[in-house]
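One structure is given below, encoded as structure tokens.
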Amino acid sequence: MVIPRFVVELRESIRAAFRALRANLLRTTLTTLGIVVGVTAVISIISLIQGLDRTFQSQVAGLGTNVVHVDKYQWSDIMDYFKQRNRKNITLKQAQQLADLVTLPTAASNSVSTRTTIKWQERTARGVDVEGHSPQGRIVHGLDPPVGRFFTDIEARERRQVVILGFGIWSSLFEGRNAVGHRVRIGGHAFTVIGVLPERGSIFGRSQDNKAIIPLETLMKRFGTRRSIRTALLASSTDVISLVEDEARGIMRRIRKITPGAEDDFALNRQQMLVDLFRGLTMGLFAVLVGVASLSLLVGGVGIMNIMLVSVTERTREIGIRKSVGAKRRDILWQFLVESLVVSGVGGVIGMALGLGIAFAMAAATPLPAAAPVWAIVLGLTFSTSVGLFFGLYPAVKAAGLDPVDALRYE
Amino acid sequence: MVTPIIQLKGITKDYEMGTQVVRALRGVDLEIKINEYVAIMGPSGSGKSTLMNLIGCLDTPTEGTYHFEGEPVERMSDDELAEIRNQRIGFVFQTFNLLPRADALHNVELPLIYSGTPAHERRRRALEALESVGLGDRVDHRPNELSGGQRQRVAIARALVNNPSIILADEPTGNLDTTTGEEILTVLETLYAAGNAIILVTHEQYIAEHATRIVRILDGLIGSDEYVDTRRSLSTVSD
């Protein structure tokens, strides 16, 4: 097999580069630092944001894309939380009126939630989200239990003590056994299990299966009436969602007796608002990330250029020697380019390992999720080697262009 | 008639020193044939280093023609010159000029690398060259682990390894003591006897006398050109 001449020469370039880098190990290490910091920042932040994004998307998907949520609070407006807290609660009566009066939505469902303990025999599940829903909640929120059934209109009206368990509660209390027909105690009251919901996974380290569904009015009766009710209105498609909103706003203003010109004392929410809010937050993070990363990559690149210029000067004589025995311009060019590529590439690999390490350590230690997309890894490596290539080019061209006579004479 | 390896005609070389132009060579004609052992002598500043660099294809003349084995060199590109240095010229320098971080073997392999020789053949030929200068047992030593004489032998092995047409030795004994210097001259003499053409630059008469022909440079011109050693050659310069 004939090895191309270029390969033989390139191998020498790589060998020479590594020899030079080994000889100045401390200097090499310090030079890579800028790149390491930059790539670490990029990779760790991207991994965390990606993790957040993915879990967030799957979470909000459960809210439905064509559902308008009439609520006391505006979800996307964290700043005005304290102002909105002073609003009067939406009472069950008001919510029911709204649900009765709207004509555009295909279904309307009221809900409220509390948090309490569920017991079965010797087993206890604490801090369970117990949600009270109208019978329409099955349609609007997609709460179709694969095991058992949802409660009926009659059960809801008569405030029966029936419950549909979330997957997590069911598995921790019943450990895989049949639960339907058994009696559990919710906050001290006996409830009959009529169904089990499918598994939904967790978000921010909190299980989405750690909940139980009971009729809304049962909840109000057993756990108190001083709660603000939320109404979910299902639009037939995303095209009519703003019409649904307009109608709901008009009806709510009448129900709440708001004088013309006064502000709404309720809010209309959509899943898209949460997505937008979250996008806004992560875009901000991305902007900061890009700033930090490009700054440290720039600093790292200038560091590499500086060291490469020193290296070229130090090894002027070596360049002269190599040229005197027949090294061409491109041989010398490659030798120094490979050197700066190795420095930046090694920095990139170290940075990537550190970044992934940090991201997944954070994911393990905190509720924050992490995900390492392949494109982020490719991006990190491409970025760092491009920096090496860009900032290594000038010193390498300088080295390649040296006059052999002058280079040999250099002391 | 044998084509000369080196044929210089009307060679001049100017250097720009700031605003001034210094003419280092002022019209040199020189022919060197195969299996000649030529010493180039001259005081410092005479232009002998410039001549040496031109012959070695490290530099190109300002005017005149230079044929290396019949090929015009004076208009060649940097890469073409590099090719000639790689394939047909072996350099031996006063300061050895070895790569300090590479062992003897790798130093000798260097010209073969730039001619694209595959690794196994490269190693074989480099070992052969090192053995021929008596350093077969020092191949994995770095320059700083070798004596001056040994370093110069490594340099000679490097000069030899690509079977060049000519070996250019620039003050090869200048950094060595007399005994070691003699050893190196013996090695060169062996190479000459084996059929290599050698050009030796020196300012020492007794070293120049190892050669068969002495060319003296003075003020950028050839001062004298004669075959001196009666033991090897009886002819004198015919032109």
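Read the figures in this text as sums done on the coordinates, not as results from a lab. The structure displayed is predicted, hence computed values, not measured ones. So basically every Cβ, Gly included, is an ideal-geometry build from the backbone, and we count neighbours across all protein chains shown.
Taking H placed 1.01 Å from N in the peptide plane, check which residues at least 5 places from B:Thr62 or on another chain put their amide H under 5 Å from its amide H.
Sorted by chain and number, the residues that satisfy this are B:Thr12, B:Lys13, B:Asp14.
Run the reach check for A:Lys83 against aspartates and glutamates, Cα to Cα strictly under 18 Å, same-chain hits fewer than 8 apart removed. What comes back?
The reachable aspartates and glutamates, counting only those whose Cα sits under 18 Å from A:Lys83, are A:Asp71, A:Glu263, A:Asp264, A:Asp265.
Once you've got the GNM for chain A with C-alpha springs shorter than 10 Å, pick whichever of A:Gly326, A:Gly303, A:Gly401 has the biggest mean-square fluctuation.
Taking springs between Cα atoms under 10 Å, the residue moving most is A:Gly326.
Going by amide H atoms built from the backbone, whose H comes under 5 Å of the H on B:Leu221, apart from near neighbours?
Counting only residues 5 or more places away or on other chains, the set is B:Arg26.
Please report how far the C-alpha centroid of segment A:89-135 lies from that of segment A:211-278, rounded to the nearest whole angstrom.
13 Å
Shape call for segment B:36-120 from the C-alpha gyration tensor, a ≥ b ≥ c root eigenvalues: rounded (a/c under 1.5), prolate (a/b greater than b/c) or oblate?
Here segment B:36-120 falls in the oblate category.
For the pair B:Arg26/A:Lys83, report the inter-label distance in nm, with labels modelled 7 Å from Cα in the Cβ direction.
According to this spin-label approximation, the distance is 9.5 nm.
What distance in nm separates the simple spin-label points at A:Asn306 and A:Asp265, each placed 7 Å from Cα in the Cβ direction?
6.4 nm
Rounded to the nearest 500, what is the 222 nm mean residue ellipticity of chain A from helices alone, with -39500 (n - 2.57) per DSSP H run of 4+ residues and division by all residues?
-19000 deg cm²/dmol
Using a Cα-Cα cut-off of under 12 Å, which aspartates and glutamates could be cross-linked to A:Lys221, ignoring same-chain neighbours fewer than 8 residues away?
A:Glu158
Do the alpha carbons of any pairs in B:Lys13/B:Lys33; A:Lys323/B:Lys48; A:Lys93/A:Lys119; A:Lys323/B:Lys33; A:Lys88/A:Lys119 sit beyond 29 Å of each other, and which pairs?
As for pairs spanning more than 29 Å Cα to Cα, those are A:Lys93/A:Lys119; A:Lys88/A:Lys119.
Counting only other chains, what is the mean number of Cβ atoms within 10 angstrom of the Cβ of each residue in peptide B:110-123?
That works out to 5 on average.
Tell me the label-point distance for the pair B:Gln87, A:Thr117, using the 7 Å Cα-to-Cβ offset, in nm and rounded to one decimal.
Taking the two extended label points, one gets 9.3 nm.
Looking at A:Ser13, B:Gly195, A:Val163, which one has the Cα that reaches farthest to the positive end of the dipole of the protein assembly as shown (charges on Cβ: Lys, Arg +1; Asp, Glu -1)?
A:Val163
Hey, fewest Cβ within 10 Å first, where do B:Thr117, A:Thr316 land in order?
A:Thr316, B:Thr117
In a Gaussian network model over chain A where Cα atoms closer than 10 Å are linked, find which of A:Gly291, A:Gly195, A:Gly348 has the largest mean-square fluctuation.
Of A:Gly291, A:Gly195, A:Gly348, the most mobile in the Gaussian network model is A:Gly291.
How high is the FRET efficiency from A:Arg159 to A:Thr103, r the C-beta distance, R0 25 Å, rounded to 0.05?
In this case the efficiency is close to 0.35.
Hydropathy at least -0.5 by Kyte-Doolittle, axial extent at least 24 angstrom from the Cα trace: which helices of chain A, defined as entire DSSP H runs, fit?
Those that pass (Cα extent of 24 Å or more, hydropathy at least -0.5) are A:5-23, A:25-61, A:271-314, A:329-365, A:374-400.
Just subtract the alpha-carbon distance of A:Ala365 and A:Leu26 from 0.36 nm times their residue separation and send over the number in nm, one decimal.
My answer for the length gained is 118.7 nm.
Counting partner chain Cβ atoms within 10 Å of every residue's Cβ in B:96-109, what's the average?
3
Using 20 Å as the cut-off for backbone N distance, which residues of segment A:161-196 belong to the label zone defined by a point 7 Å from the Cα of A:Thr152 along Cα→Cβ?
Residues passing the 20 Å test: A:161-165, A:180-183, A:191-196.
Zone of B:Thr12 (label point 7 Å along Cα→Cβ, backbone N under 20 Å): which residues in segment B:50-78?
Residues B:50-55, B:59-67, B:73-76 fall inside that zone.
Using Cα atoms only, what is the angle between the long axis of helix B:119-132 and the major principal axis of chain B, expressed in degrees (0 to 90) to the nearest 10?
With rounding to tens, the tilt is 80 degrees.
Using a Cα-Cα cut-off of under 20 Å, which aspartates and glutamates could be cross-linked to A:Lys211, ignoring same-chain neighbours fewer than 8 residues away?
Qualifying aspartates and glutamates at Cα under 20 Å: A:Glu122, A:Asp129, A:Glu131, A:Asp144, A:Glu155, A:Glu175, A:Glu199.
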